[in-house]
Amino acid sequence: MKINNQVVKGSFVKRLNRFEAIVDIQGEANLVHVPNTGRCRELLFEGAVVLLEKRDGKHRKTAYELIMVYKNQDLISIDSQLPNKLAEEALRNNVIKELQDYDYIKREAVFGDSRFDLYMEKKGEKAFVEVKGVTLEVDAVAKFPDAPTERGTKHIYELIKAKQEGYRACVLFVVQLDFAEYFIPNSVMDPKFSEALSAAKAAGVEIYAYSCQVKEEEVSLYKPMEVRL
């Protein structure tokens, strides 16, 4: 998925709240939007090199969207709206080998008390896919979540119900970087989510992780990653 708008580099100064931060762009302090409500503390620290996408719109409070951050020489995408788009694009192009040849793909589908990210059909099979974006990497290991997620845990248990009712049910972790060796649930940060994921696996819910190739001008989901529960 190409980045179509103007992209500039900046130096991260500080985060004001979940949605706003100050970034130095060519010596000038700018208020920018942070499209990720996770903590990202290991990424968004003073002096970190970040990429900002210029966004226009009369209702916008900020002119820039903080979309990527450099971790040493590697780029990490932190846009939490991107994983769903990448997953849909990959499914339509049959990039995900475990989930191919679906005739019908729909974003946002209600089941029970939850709204799953994707609903798909092929040859009588009906499937739900819940997409989780991953930005946390520690010692070449990708982890999710980076903050407790009651909503995420609820989605996992709803997937178990969907599986029990005859749907194909999957969790897809979109790892928004390409230098981690494998994926694990972050049981230290959120043991309940980790327990839910193990229960889902035992119930037949499929769990996949794919890494992304992240460039300044483009992000694409492209390579399967080992999942260790």
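The values are calculated or read from the model by the stated rules, or taken from the named source; none is laboratory data. As the structure is a computational prediction, the values presented were derived from the model and not from experiment. Neighbour counts run over all protein chains shown; Cβ positions are idealised from the backbone, glycine included.
Here the condition is being in contact with a Leu (Cβ under 6 Å, 6 or more places away or on another chain), modelled with pLDDT of 95 or more and not assigned by TED's automatic domain parsing to the domain that holds Ser211; of Val23, Val49, Val34, Val13, it holds for Val34 alone.
Cβ-Cβ distances below 6 Å connect the following pairs, each with a first residue in the stretch 86-104 that is in contact (Cβ under 8 Å) with a residue 40 or more places away in the chain, a second residue that is surrounded by 18 or more Cβ atoms within 10 Å (Cβ to Cβ) and among the small types (Gly, Ala, Ser), and a separation of six or more residues or different chains: Ile96/Ala90. A count restricted to the stretch 144-169 and to residues that are in a helix (DSSP H, G or I), buried (at least 17 other Cβ atoms within 10 Å of the Cβ) and of a type in the set (Lys, Arg) stands at 1. Taking the stretch 170-229 as the range and being small (Gly, Ala, Ser) and either part of a strand (DSSP E or B) or surrounded by fewer than 18 Cβ atoms within 10 Å (Cβ to Cβ) (or both) as the test, the residues that pass are Ser187, Ser198, Ala199, Ala202, Ala203, Gly204, Ala209, Ser211, Ser220.
For the stretch 110-134, a tally of residues being within 19 Å of the chain's Cα centre (by Cα) and modelled with pLDDT under 95 returns 2. Considered as a group, the residues in the stretch 101-143 that are under 17 Å from Val205 (Cβ atoms) and among the aliphatic types (A, V, I, L, M) include one that is surrounded by the fewest Cβ atoms within 10 Å (Cβ to Cβ), and that residue is Ala109.
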